[in-house]
Amino acid sequence: MRLGPELTTPLPGAGEALAAVRAAGERAIIITAKHPVSVGPSLTAAGLEADDLYTHVYGPEKAAVLTQVGAAVYVGDAPADMAAAAEAGVHGVGVATGSFSAAGLMAAGAEVVLGSLLEFPSWYAAARGGVAG
């Protein structure tokens, strides 16, 4: 059985979040523990595209990638993502759309927890005002 693109949908606000980063002149980079065989086709099927994609990167290893690419913000839905952001010294933006609660993401080091990615563009615009000089 072959799964069609109609079965892969992005999280609400994912496209808008990537567009907000690009509109600010920045690169939208995805860092995930998932396998490249599934991530690339899933992004394509959902109509999303990363400027760069790092796969098979787990927990603390994400901090090294964030530092390497000079990231300013990392969005994630797991405590390990927020811990990696804190370790790398970047803004950790938790999104409580996965298995973890807002409280769990905050306890792991999130600077802010959004209810969904739909909230990201306005948060990002405000944060850039505070980070860009």
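Quick rundown of the values:
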{"item": "Filter pass, Leu105 being closer than 19 Å to Tyr58 by Cβ and touching a Pro at 6+ places or on another chain (Cβ under 7 Å)", "result": "yes"}
{"item": "Filter result (open to solvent by less than 50 Å² (accessible area, probe 1.4 Å) and under 20 Å from Ala19 (Cβ atoms)) within the range 30-51", "result": "Ile30, Ile31, Thr32, Val39, Gly40, Leu43, Ala45, Ala46, Leu48, Ala50"}
{"item": "Residue in the range 65-73 that is in contact (Cβ under 8 Å) with a residue 12 or more places away in the chain, assigned to a strand (DSSP E or B) and touching a His at 6+ places or on another chain (Cβ under 7 Å) present", "result": "yes"}
{"item": "Single unsatisfied condition, Pro60 versus (1) more than 17 Å from Pro10 (Cα to Cα); (2) open to solvent by 60 Å² or more (accessible area, probe 1.4 Å); (3) modelled with pLDDT of 95 or more", "result": "(3)"}
{"item": "Which listed residue, of Gly92, Gly40, Gly98, is under 29 Å from Gly129 (Cβ atoms) and either in a helix (DSSP H, G or I) or modelled with pLDDT of 95 or more (or both)", "result": "Gly92"}
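The values are calculated or read from the model by the stated rules, or taken from the named source; none is laboratory data. On a predicted model such as this, the values are computed, not experimentally measured, just so you know. Cβ atoms come from the backbone with ideal geometry, glycine included; neighbour counts cover every protein chain shown. All accessible areas refer to the heavy atoms of the entire protein, side chains included, with ligands and DNA or RNA removed. Shrake-Rupley method; radii C 1.70, N 1.55, O 1.52, S 1.80 Å.
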